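Here the structure is laid out as structure tokens; the discussion comes afterwards.
The values are calculated or read from the model by the stated rules, or taken from the named source; none is laboratory data. Worth saying up front: this structure is predicted, and the values here are computed from it rather than measured. Please note: Cβ atoms are built from the backbone with ideal geometry, for glycine as well, and neighbour counts cover all protein chains shown.
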Amino acid sequence: DAGVTQSPTHLIKTRGQQVTLRCSPKSGHDTVSWYQQALGQGPQFIFQYYEEEERQRGNFPDRFSGHQFPNYSSELNVNALLLGDSALYLCASSLAPGGLQETQYFGPGTRLLVL
Amino acid sequence: SQQGEEDPQALSIQEGENATMNCSYKTSINNLQWYRQNSGRGLVHLILIRSNEREKHSGRLRVTLDTSKKSSSLLITASRAADTASYFCATAPSNDYKLSFGAGTTVTVRA
């Protein structure tokens, strides 16, 4: 049973650049959520995608955008990178209509460093 | 601010001992979940307890929920080196649509 996969595992960018992170959900899952985890903190919800649309969004600026493809995989895009965007970005999948309050299955994350 | 707050922030125990960590939250919830994270990797779901439940067990894990005190505890019995990790509680508030994670408790199990 394939779990949640993410790529790349690590990434280094400079301020002002743009980055794209990728996620494939657990087999059989159709809902993908993205979280940002700063060092020493818990994950913070960015947004959720279901049926190729953004369904819910946390308190993140428009520089953070995403996409979901027909095969349920997803991308997270961050524009105009800031030093504060350095974090571990986690993708989680679940089965709608369970939604965001049910068990989330997390991928291994992408560690982004912005210099 | 985060809905759930874990206590203590860090815990160091000897292999074979029990580890207990607590989570306090502020508003009414639909459920509360505990997750484990090893060395900055992805989170692994451990257990979900709903607001109408008081206690759940899963292997060496025991979770309690006291909605009157807005608190939960996670007990790991007979700890092993492999239990070394950060443990997060995540609450599903009744007035919100998403999970809210605390900052976590870092557990170190010494051999």
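In the set A:106, A:45, only one residue is touching a Lys or Arg at 6+ places or on another chain (Cβ under 7 Å) and at negative phi; that residue is A:45. Tell me, which residue of region B:2-44 that is modelled with pLDDT of 95 or more and among the β-branched types (Val, Ile, Thr) is nearest to residue B:68 (Cα to Cα)? By that ranking, first place goes to B:20.
Every test in (1) in contact (Cβ under 8 Å) with a residue 40 or more places away in the chain; (2) in contact with a helix residue (DSSP H, G or I) (Cβ under 9 Å, 6 or more places away or on another chain); (3) surrounded by fewer than 19 Cβ atoms within 10 Å (Cβ to Cβ); (4) not hydroxyl-bearing (Ser, Thr, Tyr) is passed by residue B:60 save one, and that test is (1).
Applying the set (1) within 10 Å of chain B (Cβ to nearest Cβ); (2) buried (at least 20 other Cβ atoms within 10 Å of the Cβ); (3) of a type outside the set (Gly, Ala, Ser) to residue A:105 leaves exactly one unmet item: (2). For region A:74-115, a residue qualifies if it is assigned to a loop (DSSP other than H, G, I, E, B), over 13 Å from the mean Cα position of the chain (by Cα) and either more than 18 Å from residue A:50 (Cβ to Cβ) or at pLDDT 95 or above (or both), and the qualifying residues are A:79, A:80, A:81, A:82, A:86, A:115. Scanning region B:1-35 for residues that are among the polar types (S, T, N, Q), assigned to a strand (DSSP E or B) and under 17 Å from residue B:56 (Cα atoms) turns up B:20, B:22, B:30, B:31, B:33.
Filtering region B:21-50 to residues that are touching a Leu at 6+ places or on another chain (Cβ under 9 Å) and loosely packed, with under 15 Cβ neighbours inside 10 Å leaves B:40, B:50.
Restricted to region B:45-97, the set of strands (runs of 3 or more DSSP E) holding at least 2 residues that are under 24 Å from residue A:56 (Cβ atoms) and modelled with pLDDT of 95 or more comprises B:85-93.
Of the residues making up region A:48-77, just one is at positive phi and crowded, with 16+ Cβ neighbours inside 10 Å, namely A:72. Total residues in region A:41-73 satisfying the condition of being assigned to a loop (DSSP other than H, G, I, E, B), within 16 Å of residue A:110 (Cα to Cα) and within 14 Å of another protein chain (Cβ to nearest Cβ): the figure is 3. Considering every residue within region A:26-39, establish whether at least one is without any contact (Cβ under 8 Å) to a residue 12 or more places away in the chain, of a type in the set (Ser, Thr, Tyr), within 13 Å of chain B (Cβ to nearest Cβ) and within 25 Å of residue B:5 (Cβ to Cβ). No.
Do we find that residue A:16 is more than 13 Å from the chain's Cα centre (by Cα), modelled with pLDDT of 95 or more, within 22 Å of residue B:104 (Cα to Cα) and loosely packed, with under 13 Cβ neighbours inside 10 Å in this structure? Spelling it out, it is not the case that residue A:16 is more than 13 Å from the chain's Cα centre (by Cα), modelled with pLDDT of 95 or more, within 22 Å of residue B:104 (Cα to Cα) and loosely packed, with under 13 Cβ neighbours inside 10 Å.
In the set A:68, A:36, only one residue is within 28 Å of residue B:85 (Cα to Cα), modelled with pLDDT of 95 or more and of a type outside the set (Asp, Glu); that residue is A:36.
In this entry, residue B:6 passes the filter for residues that are touching a residue at least 60 places away in the same chain (Cβ under 8 Å) and either among the acidic types (Asp, Glu) or crowded, with 19+ Cβ neighbours inside 10 Å (or both).
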